[in-house]
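A short write-up of the structure that comes next.
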Amino acid sequence: EAHSLVGGGATFGFPEISAGARRLEITLRSLHDKPGERFGAKEQKEVDKALTDLKGLVQQSQGSISWVLGTGLPRLWRAAQERSVWLVNLPPTLGSALGRFGFALRSYNAEGVRAAWEQAISGSASSARPVAIVADLDAWLAGSESLNSEAMRAVPLLLAGADTFENRLRAVRAGASGFCPLPVDIEQLAQQLDGVAASRPSSPLRVLLVCDQGPLAELYSLILAQQGMLVRIAAQSAEVPRVAQEFAPHLFLIEGSLSDCYAVELGQVLRSYAAFAATPLVFLQDAGSEREMAQLRAVGDEILSIPVAPEILVDAITKRAGRHRAALDLKARDSLTGLLSAAQWHQQLGIEISRTQRQAGELVCAVLDVREMKQINARQGYAAGDQVLRTLARLVSGRLRKTDVIGRDGAQLLVLLHGAPLSAAHDVLRILQRDFATLRFGGVDNEFTACLFCGAAAFSELDAETSDLASQLEAAARAALHDAKQAETPN
């Protein structure tokens, strides 16, 4: 218990208690290391003094928490409503077209954008700074002197103009992040904005926290959850492999003072599973002997000394878990759309169903299918069919939340919507169908449109006694898709 207070005291904002607990721990350890000697009055006096000092520190610290959860920590992703893009001297119709991909657009002339920027950075404007600016090349360069502030240069800038070498060179010399040829290809522009503004991050980082100290585990979990991470807590070492198989973490965070197993032993057990051989292991460990630290370094990826500051904890986990997730994404992503492959989506389906059961939440599975996709490939060519699928993928991923799971299965998209009743999911799908139907594909001479069929099913409507709930949920969504096709009501 004294050892727990050493790390927990400082982490909760009581460094004095942590120091007092350290003195008590040293006293107890010195007595523990002399098993042959009698515990007499002198030894009892030492322990009583250390305990009295610690109690006094606790009383002094009551009501004086010095650390506020979340202060100064960066947000790791932007909500969809924050995907603000400013258009400068470009047609307003461009804004409505980009809006279908989940961007919030504001149009300005070259004079108005400077005033809008000054309002945004002063906090007096109703909207925040944009994640990107798309401007007419000539208009931007004409006002470059007034638009060239250091703060504004930090915002990604795309300059639009006739597609010539000279214009592209002018954009490079103006410090633009990219060039947008006129007339604008909406799908290509949306892709550029996703790239320069990083507007749709990958799926949330998943962290499996192994800690048997309840309050401390909840604190670490809350710190990480505030940064958009998904955290599972395992209080017993023996349950870690089972939980990990279900949760598929991007990183294990192991508190070093487990009561049922040494942290290094748990790390060695996890490394013996092929599925976790490459998953990062981060230990939260009080300073130990050189031999103990060497053992931890041999099996783990990083050791964070406790007490650990929240920003250091977040930074370490973000970097290591993020790299592991990126490596997994390269294997899991569909090369055409960037969505999850069918195999990875189905693996995620099982994970999400388990989470829904555990939290007694809601989950909807939807299948999206472009009408007459085979005919589009036959009449317009496979390049046009690929364009349709890429645009659909960008439309769906731009409009849905980052916690929703989207994959591609051939000419179909597979979607999992969290925390939504079936009626709300139908509303979302109808909006996607409506917006997709307004998009134009192909070139000037062979322009065409496409329609979207959707089918959806709710997890709450399944037979809970069925063993294979994942297959049952997908089958129900595909049955709803079949009914929509039979009714010939794509949108």
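How large, in percent, is the carbon and sulfur part of the accessible surface of the stretch 182-315 at a probe radius of 1.4 Å?
Carbon with sulfur: 52 percent of the solvent-accessible area.
Averaging the Cα positions of each part gives two centres, and for the stretch 233-276 and the stretch 372-450 these lie 40 Å apart. With the whole protein complex present, Glu246 retains an accessible surface near 50 Å², based on a 1.4 Å probe.
Within the shell of other residues whose beta carbon sits under 10 angstrom from the beta carbon of Glu246, the net charge comes to +4, with Lys and Arg scored +1 and Asp and Glu -1. When nucleic acids and ligands are ignored and a 1.4 Å probe is applied, Phe459 ends up with an accessible area of around 30 Å². Could you tally the net charge around Pro280, taking each other residue with its Cβ under 12 Å from the Cβ of Pro280, Lys/Arg +1 and Asp/Glu -1? Residues close to Pro280 contribute a combined charge of +4.
With the whole protein complex present, Phe276 retains an accessible surface near 10 Å², based on a 1.4 Å probe.
Label the stretch 353-469 by shape, choosing from rounded, prolate and oblate, from the square roots a ≥ b ≥ c of the eigenvalues of the Cα gyration tensor; if a/c is under 1.5 it is rounded, and otherwise prolate applies when a/b is larger than b/c, oblate when it is not.
prolate
Note on the stretch 351-400: with neighbouring protein chains present and a 1.4 Å probe, carbon and sulfur make up 41 percent of its accessible heavy-atom surface. For the stretch 418-491, the carbon plus sulfur part of the accessible surface works out to 50%, probe radius 1.4 Å.
Once the 1.4 Å probe is applied to the protein heavy atoms, the stretch 250-326 comes out at 46 Å² accessible per residue. Using the Cβ of Pro183 as centre and a radius below 12 Å, the other residues enclosed give a net charge of -1, where K and R count +1 and D and E count -1.
If you take the square roots of the eigenvalues of the alpha-carbon gyration tensor of the stretch 177-298 and sort them as a ≥ b ≥ c, do you get rounded (a/c under 1.5), prolate (a/b over b/c) or oblate? Can you show the working numbers first?
Working: a/c = 2.76, a/b = 2.56, b/c = 1.08.
The shape class here is prolate.
The values are calculated or read from the model by the stated rules, or taken from the named source; none is laboratory data. The model shown is predicted, which means the values in this text are computed figures rather than measured ones. All Cβ positions, glycine included, derive from the backbone under ideal geometry; neighbour counts span all protein chains shown. Protein only, heavy atoms only, side chains kept; ligands, DNA and RNA dropped before computing areas. Shrake-Rupley method; radii C 1.70, N 1.55, O 1.52, S 1.80 Å.
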